[in-house]
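The values are calculated or read from the model by the stated rules, or taken from the named source; none is laboratory data. In this text the structure is predicted, and so the values were computed from the model without any measurement. Don't worry about glycine lacking a Cβ; one is built from the backbone with ideal geometry, like all the others, and counts go over all protein chains shown. With ligands, DNA and RNA removed, areas are computed over all heavy atoms of the protein, side chains included. Shrake-Rupley method; radii C 1.70, N 1.55, O 1.52, S 1.80 Å.
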Amino acid sequence: MVQEPLSLRQFPYLPFFRSHFRHQTRCPKMVFQKISMRRIALRVARWLVLQRVMLAIVAILLAVWSVERSRHLLFVRSIDTMFDRTDPALGPYRRLARMFGGNEIVLAAYEDAELFTTAGIDRLRVVSQTLASLDGIKSCTSLADTPLGPRIIELEQSPTARRLVKLMEGYTLGEDHRTVAVICLLDSPASEQTSRADVIDSIRLVMSELPRGTVAGEPVMLRDGFSMLERDGNLLGLVSAMLSGGVIFICFRSIRWLLIPLAVVLLSLWSTRGVLAVLGLKLTMVSTMLSAMITVVAIATIVHVIVEFRRQRDAGAAPEQALEHSIAVLFWPTIGAIATDVIGFGSLIASRVGPVHDFGIMTAIGALMVLVSAALVVPFLTLVGRFGCDPLRAWGEGSLENGLDRLVKRLLGCPRRVLAVFVMVVLVAVAGMSRLEVETDFTKNFRSSSPIVASYDMIETRLGGAGMIDLLVPFSDKVGADLLGRVSRLENRLRKLVVPSEVDGESEPSLTKVMSVVDVLEAISPVSIERLESTRLGGWLLESAIEMLRTQLPQLGESLIGRDPMDGSQWLRVMLRAKERQSAATKRQIIDSVSKIVNEEIVPVENHSGEVTGFFVLLSQLVERMLSDQWYTFALASVGIFLLLAVAFRNVAVAAVALVPNAVPIFVVLGMLGWCGIRVNMGTAMIAAVSMGLSVDSSIHYIAAFRRRMSEGFGIEAALETAHQTAGRAMIFSTLALVVGFLALVSSGFIPTVSFGVLSCLTLSGGLIGNLVVLPVLLAMLGDWAKPFSGKVHEKRDVLVEHQI
């Protein structure tokens, strides 16, 4: 059958790049650019259709290569990659790890009502010895390993026993004298023969046989948390694709058009992972959302193809011609939509927080691979065979058509009322955004039923608190009485710090535990630190006490006095504990107070001053910095997208109008969080830039359809009706698929992923409402300013070009 020549007048979206400038009739260069853009779209469409078999072979080869390369893609399990790379506390944290193995400690805790009996202390010794015998365990320390041995239970008879028990309270012993812990020092990853996961599982197996036995510590958190995230990353993309595919099947009732988007999604996912592996990038803790992000971008792209292909088939075009027309119509709008996705995702690269920065790179690459995958897969799968070629109409789509037409008439009938409501919503949202608070409780990142939360809960309630703060005190030659005296005064001031209770407002200690080598020496030595400073024999007695510490409590000694292998500097460590479940303001107050006291009490040594670090310090700043980065990245995304649209439409006013209905839902959702008192977590802090990049895609297609109709001489109402029935209908289907796809994230065990999924659903739904309600009103207000100028001279030239092509 001879096909009709392609006609540019059949393409409702091609004016995407048409000029608005009034002097267009006097600028042949712009006319040539317009014609060239159209010619490119037509030729690309024709080439893709003609070469569809070759492209399908390339897709298969790309899939095979990607699957093979993605096996080499690594998942980063290092804890310090979570934090702001410019955080001044990160350097001391790494120094802490170099000297004391800061993240190589596992706390194995259980409950024993008869702990302070001979049988109880014997059980503790057996547990400690059993754990020490496991592969991958370097040493173990517990209450049973003190110099007194089994006599540690003789509290009434022995002052030394009382001092040692007091020392261990809040460290390896709960204040209730029922909760007890064994401190397990793990072998370094380079030296251990057994994998870290197997070591932790072995410890957990031993503790599972004890009453309320549990394990905690950074290695445990890394093993459980990152294993869960890695499992989520493999599962959520599949679930998201299945959910979105189900929506597409319901809407278009075609097996073929169910398989096509799923094929694009799978190829996009595999190729993205393959490219990441080749570039040497690694998955991080927020990479679980990568699969879902790629899925929704791919689904949104293919839905527009489905709607346009169905429109062409309804007009009587043959399948091959309909596909050529559809690709040509959507070529530049799709390029623009993917470009806005890349800008929105890529703006996250500017973040100072490692996982967010890496996520921006990965999602930007993923968006580009969606474009490549669609070009390779869609032509062949659309035209191969003859079964189920045409997508059908959704149940109730006739009612949808009527509803869209009525909506346009109502919007044009009361534009001022619509804008008034719109402005009121914006003002309320902005007021709520001022009430936003950040979530700094690390346990709130996981579900309450997870083992991580159970472990931290036991430490928080029974072992002095899960918040770990470490002070590093430099010294030059050896540990002398003068140094210990300064540390003792430092500790006394720290113990007096108080903060208002968040329960009843009464003052309570800021720190639940303060311990250094000073406390250990006072517990095992008969001479106090004050006497060591004043007596002539103080130096000799101190050396003897330190030697006793190193021989009788070796692990404790090694964890309190260390040398940095990088620069040879020597440091004392002061270990502090605080409650993890406190507000961000309270945590900031504690950290600032501790830092102030350290600066006042510690004398710098060889350009080294006292340092405050630890997991507590880093986590308290992480989400705050992410939230501040969010507005910076959102501004970058908005400016980048605005510039792209201004160049594409050659109309600054239209570019500005396109941003409004997509930016406001983000403010509204964040304002709702502020009014509801929901704290911002890691997932919430990435929502603005990502949602802007995703939701503005619909505005591009809508404005393109509107401007095309206006350029043909139709009025504003007719142009809006056409935009509603074409781009508006596609955006309803695509947003529905996107929202359902993002719901897959709700099943994650990582709460920031859940928050990201829920908020993405809300912002995308708000963007749909904005594009169907607010955007038409704004375009109607622009009137002729939104119309690309089209003179008679151009019409003749356009017709000539159409026939030539």
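If you take the residues in the range 594-628 that are in contact with a strand residue (DSSP E or B) (Cβ under 6 Å, 6 or more places away or on another chain) and among the charged types (D, E, K, R), which one is farthest from A578 (Cα to Cα)? Result: R625. Confirm whether I716 is surrounded by fewer than 22 Cβ atoms within 10 Å (Cβ to Cβ), over 22 Å from V669 (Cβ atoms), out of contact with any His (no Cβ under 9 Å at 6 or more places or on another chain) and not acidic (D, E). Against the criterion (surrounded by fewer than 22 Cβ atoms within 10 Å (Cβ to Cβ), over 22 Å from V669 (Cβ atoms), out of contact with any His (no Cβ under 9 Å at 6 or more places or on another chain) and not acidic (D, E)), I716 qualifies.
G149 falls short on exactly one of the conditions (1) open to solvent by less than 20 Å² (accessible area, probe 1.4 Å); (2) in contact (Cβ under 8 Å) with a residue 12 or more places away in the chain, and that condition is (2). Taken across the range 609-624, residues that are surrounded by fewer than 20 Cβ atoms within 10 Å (Cβ to Cβ) and over 15 Å from P92 (Cα atoms) do occur, with at least one present. For the range 271-285, the candidate set comprises residues that are out of contact with any Phe, Trp or Tyr (no Cβ under 9 Å at 6 or more places or on another chain) and of a type outside the set (D, E, K, R); within that set, the residue that is most open to solvent (accessible area, probe 1.4 Å) is L279.
Has the range 397-416 got any residue that is surrounded by 13 or more Cβ atoms within 10 Å (Cβ to Cβ), closer than 25 Å to V664 by Cα and in contact with a strand residue (DSSP E or B) (Cβ under 9 Å, 6 or more places away or on another chain)? No - not one qualifying residue is present in the range 397-416. Would you confirm, using the coordinates I've provided, whether E324 is touching a Lys or Arg at 6+ places or on another chain (Cβ under 7 Å), open to solvent by less than 20 Å² (accessible area, probe 1.4 Å) and touching a residue at least 60 places away in the same chain (Cβ under 8 Å)? Yes, satisfied.
Within the range 346-365, none of the residues are touching a Pro at 6+ places or on another chain (Cβ under 9 Å) and over 19 Å from V297 (Cβ atoms).
Would you say F742 is in contact with a Cys (Cβ under 6 Å, 6 or more places away or on another chain) and either at pLDDT below 85 or buried (at least 24 other Cβ atoms within 10 Å of the Cβ) (or both)? Don't jump to the end; show me each part of the working.
On the way: in contact with a Cys (Cβ under 6 Å, 6 or more places away or on another chain): yes; either at pLDDT below 85 or buried (at least 24 other Cβ atoms within 10 Å of the Cβ) (or both): yes.
In short, yes.
Under the condition of being small (G, A, S), modelled with pLDDT under 90 and open to solvent by 40 Å² or more (accessible area, probe 1.4 Å), the residues counted in the range 195-207 number 1. The sole residue among V342, V353 that is aliphatic (A, V, I, L, M) and either under 15 Å from M686 (Cβ atoms) or at pLDDT 95 or above (or both) is V353. Summed over the range 107-127, the residues that are free of Cβ contacts under 8 Å to residues at least 60 places away in the same chain and under 20 Å from D176 (Cα atoms) give a count of 10.
A single member of D457, D441, D477 is open to solvent by less than 10 Å² (accessible area, probe 1.4 Å) and acidic (D, E), and it is D441. Please determine, by comparing only the residues of the range 241-300 that are among the charged types (D, E, K, R) and part of a loop (DSSP other than H, G, I, E, B), which one is modelled with the highest pLDDT. Per the stated criteria, the residue is R253.
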